[in-house]
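The values are calculated or read from the model by the stated rules, or taken from the named source; none is laboratory data. Small disclaimer: the values here were computed from a predicted structure and weren't measured. When we count neighbours, we look across all protein chains shown, and the Cβ atoms used for this are built from the backbone with ideal geometry, even at glycine. Keep in mind that these areas ignore ligands, DNA and RNA; they rest on the heavy atoms of the full protein, side chains included. Shrake-Rupley method; radii C 1.70, N 1.55, O 1.52, S 1.80 Å.
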Amino acid sequence: MITREEDLCFRTYSPVLNYRYDRWFQNVEYNGRTLNKEEREEFVKVIDDTVATFTSGLPLLTEELKRSEDLMDDYHRICYVVYSVSLFVVMTMCDCMVAGKYFILADTDYDRRFMRGKMKVILNEGFKRLYGYNETNKNKAEWFRLQGYLQFFPEIIKRQYQELTDQLEKQSKVSSWWRDERNYETHIDSERLYESRMVDIEESKEMMETLRLYDALFAVNHFLTNVHACLRNYLVEKYRRGEIKEE
């Protein structure tokens with residue numbers, strides 16, 4: 001059953017957009033530029049506003065995730081997986097942005113090197129959890145959780161899933177995704193950690209590298225928006241056929 005407040009939103013279909021996902025996987029070269037004070041303030045404001053926008057929907061997302069958890073019909077099993085993957089994507093995107101923000105704001109050398117190391121941990125763990133680098137961690141990756149439910153979706157979703165898979169596969173081969181830095185930071189291997197943190201830091205280079213994960217997550221987030229649209233359109237169809245009634 002749906003409420004009268006929900007009635008209006010069930011009268012129209014949501015669009016499924018035909019994105020060019022390759023636009024988020026371009027190789028952007030850093031230019032060696034350092035932001036001035038005003039640019040840093042604007043950068044921080046954009047991050048704060050973006051994080052606030054993304055996180056504003058998390059309470060509702062987690063509420064729907066819990067509601068779907070114990071419902072075993074196909075629709076709710078699909079919803080649960082989609083909501084779960086969406087939660088991972090949004091939170092990891094926000095973590096990327098916040099880590100970059102505090103890297104930019106760091107006002108001592110040690111703080112700056114510390115934040116650079118933590119960004120590398122997020123880059124490595126984030127992409128490993130999103131897609132993986134080998135068959136072992138791909139089996140646990142969020143992206144492949146969606147694969148088993150593609151049969152329920154239209155061809156445009158299946159095609160976009162394959163297109164994004166191809167892009168993510170290429171991205172997984174771009175580099176080692178800072179595996180060594182992640183290990184030194186996580187396991188506090190002090191000698192190697194010190195050496196890792198003493199590398200020359202180029203601000204724009206570090207931020208461009210962070211974009212590799214952020215842009216991949218952003219592309220997946222757009223795909224999930226299309227998936228959400230399909231799920232909503234399924235309910236619109238049921239409403240129009242009279243299979244969902246108002247309370």
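Within the range 145-172, the residues that satisfy the criterion of being hydrophobic (A, V, I, L, M, F, W, C) and more than 29 Å from Met207 (Cβ to Cβ) are Leu146, Leu150, Phe152, Phe153, Ile156, Ile157. Does Arg192 satisfy the condition of being open to solvent by 80 Å² or more (accessible area, probe 1.4 Å), within 29 Å of Glu29 (Cβ to Cβ) and touching a helix residue (DSSP H, G or I) at 6+ places or on another chain (Cβ under 7 Å)? Yes: the conditions hold for Arg192. Starting from residues that are in a helix (DSSP H, G or I) and among the hydroxyl-bearing types (Ser, Thr, Tyr), keep the ones in the range 72-109 and report whichever is nearest to Arg232 (Cα to Cα). Among those residues, the one meeting the criterion is Tyr75.
Among the conditions (1) within 21 Å of the chain's Cα centre (by Cα); (2) of a type in the set (A, V, I, L, M); (3) surrounded by fewer than 18 Cβ atoms within 10 Å (Cβ to Cβ); (4) under 25 Å from Gly32 (Cα atoms), Ala229 misses just one, which is (4). Residues in the range 92-120 that are basic (Lys, Arg) and within 14 Å of Lys45 (Cα to Cα): Lys101 only. Taking the criterion of being of a type outside the set (A, V, I, L, M, F, W, C) and either more than 11 Å from Cys230 (Cβ to Cβ) or crowded, with 18+ Cβ neighbours inside 10 Å (or both), the residues of the range 141-157 that qualify are Glu142, Arg145, Gln147, Gly148, Gln151, Glu155. If the condition is being under 26 Å from Ser172 (Cα atoms) and either open to solvent by 60 Å² or more (accessible area, probe 1.4 Å) or among the hydrophobic types (A, V, I, L, M, F, W, C) (or both), then the range 18-46 contributes Asn18, Arg20, Arg23, Trp24, Phe25, Gln26, Asn27, Val28, Glu29, Tyr30, Asn31.
Residue count for the range 129-146, restricted to those that are among the charged types (D, E, K, R), under 15 Å from Val85 (Cβ atoms) and assigned to a helix (DSSP H, G or I): 3. Would you mind stating whether Asn124 is free of Cβ contacts under 8 Å to residues at least 12 places away in the same chain, in contact with a helix residue (DSSP H, G or I) (Cβ under 7 Å, 6 or more places away or on another chain) and either outside any helix (DSSP H, G or I) or closer than 19 Å to Thr92 by Cα (or both)? Here the answer is no, as Asn124 does not meet what is asked. Would you check if Tyr161 is at pLDDT 95 or above, in contact with a Ser or Thr (Cβ under 6 Å, 6 or more places away or on another chain) and open to solvent by less than 60 Å² (accessible area, probe 1.4 Å)? No, not satisfied. Restricting attention to the range 81-111, the residues that are crowded, with 20+ Cβ neighbours inside 10 Å and within 25 Å of Asp70 (Cα to Cα) add up to 5.
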